[in-house]
1. Relative to a virtual label point 7 Å from the Cα of residue A:206 in the Cα→beta-carbon direction, which members of region A:154-197 show backbone nitrogen distances below 20 Å?
2. Treat the count of other C-beta atoms within 10 Å as a stand-in for reagent exposure and order B:60, A:286 from fewest to most.
3. Kindly give the distances from residue B:206 to its copy-mates, label point to label point, with each label point 7 Å from Cα along Cα→Cβ, as nm values to one decimal ordered shortest first.
4. Relative to the longest principal axis of chain A, what angle (0 to 90°, nearest 10) does the C-alpha long axis of helix A:189-204 take?
5. Between the helical axis of B:246-258 and the dominant principal axis of chain B, each derived from Cα atoms, what acute angle in degrees is found, rounded to the nearest 10?
6. Give me the percent relative contact order of region A:163-298, please, defined on Cα pairs under 8 angstrom at least 6 residues apart.
7. Which whole-percent values make up P(r) of region B:284-337 when all C-alpha to C-alpha distances are grouped in 10 Å steps starting at zero?
8. So how far apart, in nm, are the two label points at residue B:259 and residue A:258 if each is 7 Å from Cα heading toward Cβ?
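Derivation of every value follows stated rules applied to the coordinates shown; laboratory data play no part. Only a predicted model underlies this, so the values are computations on that prediction, with no experimental measurement involved. A quick note on method: Cβ atoms are made from the backbone with ideal geometry, for glycine too, and the neighbour counts reach across all protein chains shown.
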There are 2 protein chains.
Amino acid sequence: MMITIKDVARQAGVSVATVSRVFNDIDNVRPHTRERVQAVALELGYSPHGTARSLITSRTHTLGMLLPDLYGEFFSEVIRGVDQAAQREGFHLLISSARAEGPSLEAALRSMRGRVDGLIVMSPDLDALASRRSLPHGFPVVLLNCPPSDAGHDSIGIANYEGALAMTRHLAGQGHTRIAMIKGAEGNFDAAERLRGYRAVVRERNLDAHPTLELAGDFSEDGGHAAALRLLALHPRPTAVFAANDGMAVGALSAFREAGLRVPQDIALGGFDDIPLARYVEPALTSVHVPINVLGEHATGCLFARLRAVEPMESRREVLATTLVVRRSCGAQGGPG
Amino acid sequence: MMITIKDVARQAGVSVATVSRVFNDIDNVRPHTRERVQAVALELGYSPHGTARSLITSRTHTLGMLLPDLYGEFFSEVIRGVDQAAQREGFHLLISSARAEGPSLEAALRSMRGRVDGLIVMSPDLDALASRRSLPHGFPVVLLNCPPSDAGHDSIGIANYEGALAMTRHLAGQGHTRIAMIKGAEGNFDAAERLRGYRAVVRERNLDAHPTLELAGDFSEDGGHAAALRLLALHPRPTAVFAANDGMAVGALSAFREAGLRVPQDIALGGFDDIPLARYVEPALTSVHVPINVLGEHATGCLFARLRAVEPMESRREVLATTLVVRRSCGAQGGPG
DNA sequence: ACCGAAAATGTAAACGTTTACATGCCGACA
DNA sequence: TGTCGGCATGTAAACGTTTACATTTTCGGT
């Protein structure tokens, strides 16, 4: 049924070794022989069996990606960045979206064993740190947007804290003193860092500080909407809101609109991530730009470096800068649209 | 270096067969033995080697996806739909974004051989039909948004023609008689079908018909922007525009805004796909809703059906209905926002 | 204690490659 | 003519599993 190297060898009247050599075009094979093998292979529709090949070479030409989720523009952008870089090296992408809960993450890790040459792991949950120990030791892994790891893995993150600082300071700079924050998911590293930045500015500028000004959120649009409703019930009402990501900001925006509030006149709004959508909402959303696809590309580059490395490498942590992008939703005389 | 089944067997004082049986929890293994094996495996950090396993079982628990591209919300939504369905069956996703040009597509196909149990192929180019012949015969394949295939592959598409009919009729129903169309990419099946729908209504309703009213496009936002500029130079100017996808509609929208035109008062606009973004632009975009993630889910379901089938199955073509979603950009009293 | 069946476990072949090593061949050089 | 070196090719082991089949163990019934 399936055409193997043996079929080709027999039909071409050579040994399997010769066929193999033709297909890896290494070693010397006489042009005459080579041509005959190629002709037979074409005729039979033979192509080498990837799995068998990787078993013996122990290289799969595949990169694994472990994601907590596939929702939203953030993840699809990351995937795109990774794919671009992988493609350049002729690598495939094996994607697994595992809920970050311990057991399932470990299961996903296990099922990737022997299928990939390296792993890009995105598990932003703080308590998922433990499972990370279960990574095969010495296996090339890059952590993406994860809490800094104690184990010797490379990791790439973004300047969450600094970005949150910039956003909160900007809002404060517009004269707001009562700034609410819609927090990210509980136990999420990015969320914690962004909150930390917000709080730092609240102290630094002596802004109104009250527990009710920090609203629970979950990074989802619906979560943002719900938080906005709770926020509107506060007295006095905050004059500005910093949502821990753009998805929630968009949700909040629609809640404000439904409540008849004008943004930014009645309430100013800022987000985080600068997803493509941010430019298109009305009013356009002020946000903290995160070079999402660069994140993916760097991660991949980092992984390849490690794959190629012959000496054991120092593990390193890279932090990508974020930049404030001022648009209309915060009330400043920002950029266009 | 790498822990194999043999290491576990030796350490546990059993044969490799027993270890294998424990890990596939099949066959009878005495509780006592099972426990010892599991303990040793845990201690040694052993997990089965996926590649070796698939080599012998010839099942990879992996689905391959061949995409023309990874840009845009359309593709990420499809991936999400496929992943969800695959995840439910415990399958992985091997993604390869190959330019649909013949050789690269075949290369991608080849490199997937033996790595996947089935394939979801999205190659909307009409002339890519030929390469599709190079698919291993009898291999489970589902074609997504492809021209109907002569070869016996399952295929799933969307009602492009009907959707375009609905959109164009709706615009005509608003009183527009001079409706322009920004076409999709040359040689693309979806694009051709949507154009066919547009033309049918132009004839049916006796609308203005002129070659200049059909503007070249490429499904990209920039392409839509450029086409819109060319469109604005026409005399008399069309009063309505149907863009073959939402990306181009968004590009056109920004071109119109830059030109100082109001949408829909000065010019009405409709798109296709109903990507999430469509609701958020200002004014919200009237579009033809395509159940994108359903597309992915159905494709996966179809593939699994074929994987499980013991008898050879009839190949079938499924066409998903599209629905017109009226929002503000077309000037009708549509839904909210 | 013994027999036989059933249950548990072991042995080894297979999956489709790659690759170290062995073999054979040819021509050049002494 | 014999020998050596280099090149082309063949042989067979290995990669880490699963699994058919063979073998051993267990155990109930006598």
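1. From region A:154-197, the list is A:168-180.
2. Least crowded to most crowded, the residues run B:60, A:286.
3. For residue B:206, the inter-copy label distances come out at 7.8 nm.
4. Helix A:189-204 and the main axis of chain A meet at about 30 degrees.
5. The angle comes out at about 40 degrees.
6. It comes to 23 percent, rounded to a whole number.
7. The calculated distribution, bin by bin, is 21, 32, 22, 15, 10, 1.
8. Taking the two extended label points, one gets 3.6 nm.
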